Amino acid sequence: MLRAEAPASWRHGRRCHAGAWCKPKRPYVGAAAASSELPLPEGSLGLPVVGETLELITSGDTFGTSRRERYGDVYKTNILGAPTVMVYGEEAVRAVLAAEDKLVASDWPQVTTTLVGPDSLNLLTGPRHGAVKRALSDAFADKALRRHVPAIAALVQEYVAGWATGPQPTPGFESCQLLSQAVFDRVVLGGAGGRDRAAQLQAIMAALQAGFNTPPLQLPFTDYGKAVAARQEFGQLVSQSIQRSRQAAAAASPSSSSGSPAPAFDCAMADVVAAAAAAASTATGALPDSLLVDNATAAFFGNASTGPSLAKALQYLATNSESDAGSSDGGRGGGAAMAALRKEQQDIMSRHGPEITAEALDDMLYGTAVARELLRITPAVPAVFRLALVDFELQGRRIPQGWRVWCHLGDSVTRYNKDHFNPERWLGSSNSSSSGGGGGGGGATAASAGGVAEAAAVGGCPMHSGAGGAKPEYSLPFGSGVRSCLGRNLVMSELLVTLAVLARGFEWETVNPAEQWGVVPSPAPKEGLRVRLRRRA
Ligand code: HEM
């Protein structure tokens, strides 16, 4: 039986530094033979047919808060036409996600097959998923991405300078989306990251996202029909990138008769094409071009979360940011955080010179804390969705086969729009995901799988320890387990470069410092995040 138990040091209850007894929970997940005798999770299935869907729509982000307070970290509801179990808490979330393909499977709508691709990582399962992910992983590993840092820096500098010289206020959210598309074009597809291409990619993304939220009626004038056309357009861009990769590899090959230097086509797609060529003669087997296109589309979809994360830097680091006065949980607030970032950049420039390189990013300790905090707060991916493959047990409750399981990736999900920006919570924490001594914001380095265990190993109660007196939290922005994010290193590089560029040369205010973020259909600031941005004297 699969089980993920609490660390021995706190399994039986012990006094934590706050003086309270840490109550032992039943934090394990297992396909218990006797699970049919266990009670269902607490909570309500609501009205027949509609369940609690109307409450979800009308109460928005208080839906989760109130129920979590009432029922605890695992509760049942009935939303969007299906009985659903909500799961919160690092330990329970990690345990469920670790049971991928055994107790749960990822749960994507049918249209994913057409709009992303049948061979995309999202839809592959079991050993085939593992083999394809391994084949793609090197192209997105920290080692591979380091060489792209100067190119990312050049793009970020160009785009941010453009915001400063353009009409004010600038639409911060849209601008960050375009920037993230430009970086994707450059790093993944090998394009130049120009404005036209960024706009083209953003239009494709908007059409694809609309296709997910509409009936799958494929006609030229329906949203779904336009999404299918957008997917074809993106497929062509990827196919061009694959062709250029092959030409570059042929030109660089020692047997090439051209005698000319290797064409400069250095991108993740070229690495993927090389990995596919190598995989053909291994146990992984052939990776056909259609699979490469499907997975470039999966990466493109993943990248849709990067723009919103960059935009949060504009919101939370603005000089007039709401958290400017400092947060109640001991943080510095936006303006003070920016002052600390600027100081760090001065130190880094004195050591590494003015270029933004991978080595310069390595020294951004405070910047990394800011990036992790941006990923924690108003998360771009608040939850990931699974389907129970069998009846199984979670914290002493039965999760029935066929129910949906929503794994929430952080505490801040229940405090959306009401949270404190506090990078300090990450300083001194290990490279894992909880702010309270464990846990993994991931980053240029991958999230540790052992957040809770690490906290316990150093003697702290994972529920009550906290760096600098900050309230402990868990934050798994890139997920956990075999399906964790392929693009986490790209995201962290991009965030760090953007923080460096902004801190070195720019200052700005937000038009509405109290602007809130909506969650549906995807996380976005409600007024587009208008900012007045200029070069610093
Ligand atoms: C801030 C930006 C991003 C966030 C917060 C994010 C978050 C996530 C999360 C939570 C998952 C796990 C999904 C699950 O368990 O079902 C995931 C998966 C994935 N992400 Fe990201 N992501 C981001 C950016 C990116 C980028 C830039 C790429 C590609 C270059 C990418 C590619 C992928 C892929 C391909 C998967 C599927 C992995 C699999 O199923 O094995 N993501 N991402």
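The values are calculated or read from the model by the stated rules, or taken from the named source; none is laboratory data. Bear in mind that the values here come from a model prediction, so they are computed numbers and not experimental data. For neighbour counting, all protein chains shown are included, and Cβ atoms are generated from backbone atoms with ideal geometry for every residue, glycine included.
GLN209 passes every criterion in (1) within 22 Å of the chain's Cα centre (by Cα); (2) within 22 Å of ALA270 (Cβ to Cβ); (3) in contact (Cβ under 8 Å) with a residue 40 or more places away in the chain apart from (2).
Does LEU237 qualify as being among the aliphatic types (A, V, I, L, M), in a helix (DSSP H, G or I) and closer than 15 Å to ALA299 by Cα? Yes; evaluated as a whole, the condition is true for this residue. Can you spot a residue in the range 88-101 that is more than 14 Å from the ligand (Cβ to nearest atom) and touching a Lys or Arg at 6+ places or on another chain (Cβ under 7 Å)? Yes, the conditions are met somewhere in the range 88-101. Residues of the range 383-403 being within 16 Å of the ligand (Cβ to nearest atom) and surrounded by 21 or more Cβ atoms within 10 Å (Cβ to Cβ), which ones? If the condition is that a residue be within 16 Å of the ligand (Cβ to nearest atom) and surrounded by 21 or more Cβ atoms within 10 Å (Cβ to Cβ), then VAL384, ARG386, ALA388 are the ones that fit.
Quick one: in the range 360-381, which of the residues that are surrounded by fewer than 24 Cβ atoms within 10 Å (Cβ to Cβ) and near the ligand (Cβ under 9 Å from one of its atoms) is farthest from PRO525 (Cα to Cα)? Filtering first and then ranking leaves VAL381. When each of GLY19, GLY51 is tested for being under 22 Å from ARG398 (Cβ atoms) and either crowded, with 17+ Cβ neighbours inside 10 Å or at pLDDT below 75 (or both), the lone residue that passes is GLY51.
Residue count for the range 102-129 satisfying the condition of being surrounded by fewer than 18 Cβ atoms within 10 Å (Cβ to Cβ), of a type in the set (A, V, I, L, M) and in a helix (DSSP H, G or I): 0. Filter the range 130-147 down to the residues that are assigned to a helix (DSSP H, G or I) and more than 10 Å from the ligand (Cβ to nearest atom), then identify the one that is surrounded by the most Cβ atoms within 10 Å (Cβ to Cβ). So the residue we want is ALA135. If I ask for residues that are of a type in the set (Asp, Glu) and either assigned to a loop (DSSP other than H, G, I, E, B) or at positive phi (or both), which ones from the range 387-418 would you list? Within the range 387-418, ASP391 is the sole residue that qualifies. Considering the range 188-217, the residues that are of a type in the set (A, V, I, L, M) and either in a loop (DSSP other than H, G, I, E, B) or in contact with a strand residue (DSSP E or B) (Cβ under 6 Å, 6 or more places away or on another chain) (or both) include one that is farthest from the ligand (Cβ to nearest atom), namely LEU217.
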